[in-house]
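Since every read-out is calculated from the coordinates, none of them should be taken as a lab result. Everything numeric here is computed off the predicted structure, so don't read it as measured data. Every residue, glycine among them, receives a Cβ derived from its backbone with ideal geometry; neighbour counts consider all protein chains shown.
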Amino acid sequence: MKRIERIKQILKKNLKPDFMVLEDNSKKHIGHNEFDGKDETHLYLKIASKSFNNINLINVHKKINSLIESEYKNGLHSLEIKIIKS
């Protein structure tokens, strides 16, 4: 299973988003430090959930990053997060 699909499953299960888009932006980083743009290492997440309404945005970021900690340990370099409050 690809990294994007694994992360989508984790976030859907734990955050129950109302809206979510997860994209691979790795190709935008080709050439940086000899990076080849492969392996889903740079992702972009746009997510909305009613559960975020009473939570500080920094804490939502922390929650998302803690849920996918294993992906960081296995090659994920960065996750750009855009949180939309419902």
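Looking only at the stretch 3-85, where both bridge partners belong to it, what percent of the DSSP beta bridges are antiparallel (to the nearest 5)?
Counting DSSP beta bridges with both partners in the stretch 3-85, the antiparallel share is about 45 percent.
Stretched out fully, how many nm does the piece from Ile4 to Lys85 gain, at 0.36 nm a residue minus the Cα gap?
Working: separation 81, 0.36 × 81 = 29.16 nm, distance 2.24 nm.
Additional length available on full extension: 26.9 nm.
Run the quick spin-label model on Ser51 and Asn74: label points 7 Å from Cα toward the beta carbon, then report their separation in nm to one decimal.
2.1
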